[in-house]
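Remarks on the structure that follows.
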Amino acid sequence: MTTSPRPRSSRLRDRSSAVSGLIVLVAMSAVMWLSELVDRVAGGSLDGYGIRPRDADGLGGIAAAPFLHGGWDHLIGNTVPFLVLGAVIALGGALRVLGVTLIVAVVGGLGTWLIAPENTIHIGASGIVFGYAAYLVARGLFTRALWQIGLGLIVLAVWGTTLLQGIVPEDGISWQGHLFGAVGGVVAARTIHRRRDAKPRPAGDPLAGQLARP
């Protein structure tokens, strides 16, 4: 059996989409590094704009927190997995990586704001990293695509222990951000890749009107 190659225009669109996604990812990473540079010059004053649980003024930290870090080591430790995991998502295009990031940031940020201890400030992109990992693991469960299921298993094999350790309560670590970031990743996978089990069928089809079951 032979198959026809994909049209060149389709391949070019896919390549252009992947490039745009990677550009968005690198741009977000650049904002993190620029923010940390400004923060060092400002004596760490930007860190106060992170998530402050159950403080109405701290809600703005949901948007700011992923771009703020407590030093260069913290930033470097988050940048590497952010770029690695994010690049896999970004291959699906700019809208894909932006959509996943937005859902993870909102779910993770709100969860942290609701349950983390008062009088604490939560910063860092680790919640986004946990969300990216959880998204890549959960995506295959909704799409049923074998290569995505396999990719999810690879993510589990490489980062599974880190993911589990990251949600264990520990002083000085925003395990709440990790936990709800991962929840946000699952929500993103469900939202973006939910299956359409019921497909319209042409009139006269004996299966018309029946629902396909998983």
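The numbers here are math on the coordinates, done by the rules we state, and not lab data. Computed from a predicted structure; not experimentally measured. Virtual Cβ from ideal backbone geometry, glycine too; neighbours counted across all protein chains shown.
A few remarks follow.
- Principal-axis tilt of helix 126-143 within the chain, Cα atoms, nearest 10 degrees: 10
- Nearest-ten-degree value, helix 94-115 long axis tilted from longest Cα axis of the chain: 50
- Between the residues G60, W113, F180, the greatest Cα displacement towards the positive end of the dipole of the chain, with unit charges on the Cβ of Lys, Arg, Asp and Glu, is found for F180.
- Dipole axis of segment 25-173 (+1 Lys, Arg; -1 Asp, Glu on Cβ), positive-most option in A145, V41, A134: A145
- Separation in nanometres of the label points that stand 7 Å from Cα toward Cβ, at L83 and R194: 3.6
- With Cα atoms, 0 to 90° folded angle of helix 146-166 axis to the chain main axis: 20
- Cα→Cβ-extended label distance, 7 Å offset, between V19 and A56, nm: 4.8
- Cα gyration tensor, the chain - rounded (a/c under 1.5), prolate or oblate: prolate
- Calculated FRET value between T120 and L146, using beta carbons and R₀ = 41 Å, to 0.05: 0.45
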